[in-house]
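To keep things clear, I will list the structure first and then write my remarks on it.
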Number of protein chains: 2
Amino acid sequence: MVGQDVAECCPALLTAPLDEEQAEAVAKVFKALGDPVRLRLLSMIASRSGGEVCVCDLTPAFDLSQPTISHHLKLLRQAGLIDCERRGTWVYYWLLPEATDRLARVLTRPAGAPPADTADTAATAR
Amino acid sequence: MVGQDVAECCPALLTAPLDEEQAEAVAKVFKALGDPVRLRLLSMIASRSGGEVCVCDLTPAFDLSQPTISHHLKLLRQAGLIDCERRGTWVYYWLLPEATDRLARVLTRPAGAPPADTADTAATAR
DNA sequence: CTTCTATCTTGACGTTCATCGAAACAAGGC
DNA sequence: GCCTTGTTTCGATGAACGTCAAGATAGAAG
């Protein structure tokens, strides 16, 4: 319905002010990543290069019940970060790399565009 | 206490499973970005190339009270994304580019590295 | 074919956390 | 002194997180 997926927007966030709709679409994805459990789930799924992970391989890594894991997976799926398919008794999840690519692009600042002074790295370590 | 800041970790999230502490540190920052108001604030601050924005320039863009804006700015600051300084009557905020750079790196997948293997988590499933 | 078991999802409920505004407080300029 | 700019505190409303119980789907056993 609303239709503005992060797909069309991603105008870099750091170069121009986001309008309200874009902000809401992007925030939805970041919110999905704003939880340690979901972050670990995503990284477990993404790093499994076969591309696919069975839920039964994910659950034992946490001190949470299966329904809870299932809920978190649903949120990641609704955010467009992963997708799943049932194959026989098991359900397999995999990463949608375009989603993370988009997010990375949103956070990336056009290199060599150092605005005025910034005082960027001067202050802190490294 | 040497806190596990996102500083030292950022192991790409997509290539290897995140451990619990790393996940919590990274999730804290993503959670700060998981709100439309804070995203717009950040983008307004970041895109202002002078590098600095006065709070009085941010507030009118929202239908929220100043205290609420101040609260959101505080969360962004606690997440390490921005910093501020009082100069006379006004308070100026600016972006900490290292923070967004780190996040972008966390989400970036080694190009053309479709790993193969894994061998990590007792992959056995099959 | 029926029944049993295993895997995973969905719904409902209680607890905890986040969001927001009004009022009070701090800091500085006139 | 008074006024302006921002932050902080406090309380109320609403959303998110986690568990239990029930539903859905597929294979195996009888």
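The figures follow:
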| read-out | value |
| --- | --- |
| Count of residues meeting criterion [more than 19 Å from B:A23 (Cα to Cα) and either charged (D, E, K, R) or within 12 Å of chain B (Cβ to nearest Cβ) (or both)] in region A:78-87 | 4 |
| The lone exception for B:E24 - which of (1) under 21 Å from A:F30 (Cβ atoms); (2) open to solvent by less than 20 Å² (accessible area, probe 1.4 Å) it fails | (2) |
| Residues satisfying the stated conditions in region A:63-83, i.e. within 12 Å of A:L41 (Cβ to Cβ) and near DNA strand D (Cβ under 9 Å from one of its atoms) | A:L64, A:T68, A:I69, A:S70, A:H71, A:H72, A:L75 |
| Any chance B:L107 is at pLDDT 95 or above, under 20 Å from A:L42 (Cβ atoms) and open to solvent by less than 60 Å² (accessible area, probe 1.4 Å) | yes |
| Qualifying residue in region B:84-99 (condition: within 16 Å of DNA strand D (Cβ to nearest atom), in a helix (DSSP H, G or I), without any contact (Cβ under 8 Å) to a residue 40 or more places away in the chain and surrounded by 15 or more Cβ atoms within 10 Å (Cβ to Cβ)) | no |
| Subset of region B:32-67 that is in contact (Cβ under 8 Å) with a residue 24 or more places away in the chain and open to solvent by 60 Å² or more (accessible area, probe 1.4 Å) - its residue that is farthest from the other protein chains (Cβ to nearest Cβ) | B:C56 |
| Qualifying residue in region B:31-43 (condition: more than 17 Å from the chain's Cα centre (by Cα) and within 13 Å of DNA strand C (Cβ to nearest atom)) | no |
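The values are calculated or read from the model by the stated rules, or taken from the named source; none is laboratory data. This one's a predicted model, so the numbers in the text were calculated from it and none came from an experiment. Ideal geometry is used to build each Cβ from the backbone, glycine not excepted, and the neighbour counts take in all protein chains shown. Ligands, DNA and RNA are stripped out before the accessible areas are found, and what is left, the full protein with its side chains, is counted by its heavy atoms. Shrake-Rupley method; radii C 1.70, N 1.55, O 1.52, S 1.80 Å.
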